[in-house]
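Quick notes on the structure that follows.
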Amino acid sequence: MSDHTHGTHEVGEIPPANTGTIWRTFWILLGITVVEFTLAYLMKAGGLRTSFFIIMTLVKAFYIVGEFMHLKHEVKSLIWAIVIPIVFIIWLLTALLMEGGSIFELR
């Protein structure tokens, strides 16, 4: 019979946890969050602060999707098939908010 084990582990043996990657991800996300809150706390309220929050939130979201949903290990065409519609949705929301705000200027 052939041996169906993969790698160097015995049959039934649980491979060691990859906690280093998890901790690295934790520290990166914590660092981004600390920078986000520190700069947002020091900035005046307004469009620049809101834009900064949105950009930093998108950076964290893409990192989480890439790391925990394993998207960064997929083929590039799948990644682009997910990213391009998101970019167009963000563009659509921005255009709708800008046009929706202009209704008050016409009156």
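The values are calculated or read from the model by the stated rules, or taken from the named source; none is laboratory data. Small disclaimer: the values here were computed from a predicted structure and weren't measured. All Cβ positions, glycine included, derive from the backbone under ideal geometry; neighbour counts span all protein chains shown.
Among all residues of region 64-74, there is at least one that is under 13 Å from the mean Cα position of the chain (by Cα), assigned to a helix (DSSP H, G or I) and farther than 20 Å from Gly31 by Cβ.
Let's see how each residue does on (1) at pLDDT below 85; (2) within 16 Å of the chain's Cα centre (by Cα):
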residue: Val11; (1), (2): yes, no
residue: Gly20; (1), (2): yes, no
residue: Trp23; (1), (2): no, no
residue: Leu30; (1), (2): no, yes
residue: Tyr41; (1), (2): yes, no
residue: Ile54; (1), (2): yes, yes
residue: Lys76; (1), (2): yes, no
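Listed by first and then second residue, the pairs with beta-carbon distance under 9 Å, at least 6 apart or on different chains, first residue in region 79-95 and more than 14 Å from Val65 (Cβ to Cβ), second assigned to a helix (DSSP H, G or I), are Ile90/Ile54; Ile90/Leu58.
Conditions (1) loosely packed, with under 10 Cβ neighbours inside 10 Å; (2) among the small types (Gly, Ala, Ser), marked per residue:
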residue: Arg24; (1), (2): no, no
residue: Ala40; (1), (2): no, yes
residue: Gly47; (1), (2): yes, yes
residue: Ile64; (1), (2): no, no
residue: Glu67; (1), (2): no, no
residue: Leu71; (1), (2): no, no
residue: Ser77; (1), (2): yes, yes
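Looking across region 39-51, the residues that are assigned to a helix (DSSP H, G or I) and farther than 17 Å from Leu93 by Cβ come down to Leu39, Ala40, Tyr41, Leu42, Leu48, Arg49. Only one of Ala61, Ala40, Ala17 is in contact (Cβ under 8 Å) with a residue 12 or more places away in the chain and small (Gly, Ala, Ser). Can you tell me which? Testing whether each residue is in contact (Cβ under 8 Å) with a residue 12 or more places away in the chain and small (Gly, Ala, Ser) leaves just Ala40. Being within 24 Å of Thr94 (Cβ to Cβ), in the same structural domain as Thr94 (by TED's automatic domain parsing), at pLDDT 80 or above and assigned to a helix (DSSP H, G or I) is the requirement here; does Ala61 meet it? Considered against the rule, which asks whether it is within 24 Å of Thr94 (Cβ to Cβ), in the same structural domain as Thr94 (by TED's automatic domain parsing), at pLDDT 80 or above and assigned to a helix (DSSP H, G or I), Ala61 comes out as no. Listed conditions (1) at pLDDT 85 or above; (2) over 28 Å from Leu30 (Cβ atoms); (3) β-branched (Val, Ile, Thr) are all met by Ile103, apart from (1). Checked against (1) in a helix (DSSP H, G or I); (2) more than 24 Å from Leu93 (Cβ to Cβ), Pro15 passes all but a single condition, namely (1).
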